[in-house]
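Single-structure report; data block below.
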Amino acid sequence: MDMTLPAPGSPANAERRTWIMVTSAAGGAAAVATAIPFVSTLAPSERAKAAGAPVEVDISSLAPGELRTVEWRGKPVWIVRRTPEMLASLNGHDDQLVDPKSERKQQPDYAQNATRSINPEVFVAVGICTHLGCSPSKVNKGSGNPSVPADWPGGFFCPCHGSTFDGAGRVFKNKPAPTNLEIPPHVYVAENRLLIGEDKSAAA
């Protein structure tokens with residue numbers, strides 16, 4: 001077998017260089033093609049980023065007594081415009097509640113009060129029962145709903161296992177839900193604009 005290398009300027013040597021360049025280019029392209037999908041798995045998707053982002057809500061059109069639901073981090077968040085009657089109904093039944101003063105850490109400090117809110121008129125809470133994650137429904141005072149007692153002050157009822165919460169999301173005793181409804185971090189960026197999921201300005 002002839003092991004003599006082609007002369008530097010010969011056609012054979014030029015052809016050899018061409019094959020080396022083609023092979024190297026193909027190998028490099030394959031490496032890049034393999035790396036791109038791997039790198040893309042490390043970057044968060046737009047959906048993932050959106051899921052954790054704060055949500056701004058205009059509540060200027062929220063009528064007294066109305067409940068509006070928005071989504072934050074895949075959870076339903078309730079925003080209720082409470083009437084004077086709804087605020088008055090929060091009094092007089094502390095002895096029936098598990099945690100009437102919201103002493104357990106389920107809300108930011110600025111919502112650790114009787115109304116569990118920054119602005120007493122506006123109630124913001126995660127609409128998920130703290131028992132097994134069902135979604136309660138709003139039941140007004142005097143609704144005649146047989147699932148709540150006759151002296152029902154108004155609030156929320158979970159049809160899955162019968163847990164009841166008052167108009168500040170405080171759970172009644174002897175119910176499956178162990179704790180009050182969660183209050184998410186939130187802040188007013190304007191008089192009628194809420195930012196759900198962010199509370200630096202409120203805490204400052």
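Results for (1) crowded, with 19+ Cβ neighbours inside 10 Å; (2) within 17 Å of the chain's Cα centre (by Cα), shown as yes or no for each residue.
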residue: V124; (1), (2): yes, yes
residue: T130; (1), (2): yes, yes
residue: K138; (1), (2): no, no
residue: K141; (1), (2): no, no
residue: S147; (1), (2): no, no
residue: D151; (1), (2): no, no
residue: C158; (1), (2): yes, no
residue: H161; (1), (2): no, no
residue: D166; (1), (2): yes, no
- Note on the structure: How many residues of segment 171-195 are buried (at least 23 other Cβ atoms within 10 Å of the Cβ), under 15 Å from I128 (Cβ atoms) and touching an Asp or Glu at 6+ places or on another chain (Cβ under 8 Å)? The answer is 2
- Task: Only residues that are acidic (D, E) and exposed (fewer than 12 other Cβ atoms within 10 Å of the Cβ): list them for segment 72-97, please.
- Result: D95
- Candidates P178, P146, P159, filtered to the one that is free of Cβ contacts under 8 Å to residues at least 12 places away in the same chain and out of contact with any Lys or Arg (no Cβ under 8 Å at 6 or more places or on another chain): P146
- Filter pass, P159 being at pLDDT below 95, of a type outside the set (D, E, K, R), more than 17 Å from P76 (Cβ to Cβ) and assigned to a loop (DSSP other than H, G, I, E, B): no
- Which numbered condition L62 misses (of (1) at pLDDT below 95; (2) in a loop (DSSP other than H, G, I, E, B)): (1)
- Query: Being under 28 Å from G74 (Cβ atoms), outside any loop (DSSP other than H, G, I, E, B), hydroxyl-bearing (S, T, Y) and touching a helix residue (DSSP H, G or I) at 6+ places or on another chain (Cβ under 8 Å), is that true of even one residue in segment 109-118?
  - Reply: yes
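The values are calculated or read from the model by the stated rules, or taken from the named source; none is laboratory data. Small disclaimer: the values here were computed from a predicted structure and weren't measured. Please note: Cβ atoms are built from the backbone with ideal geometry, for glycine as well, and neighbour counts cover all protein chains shown.
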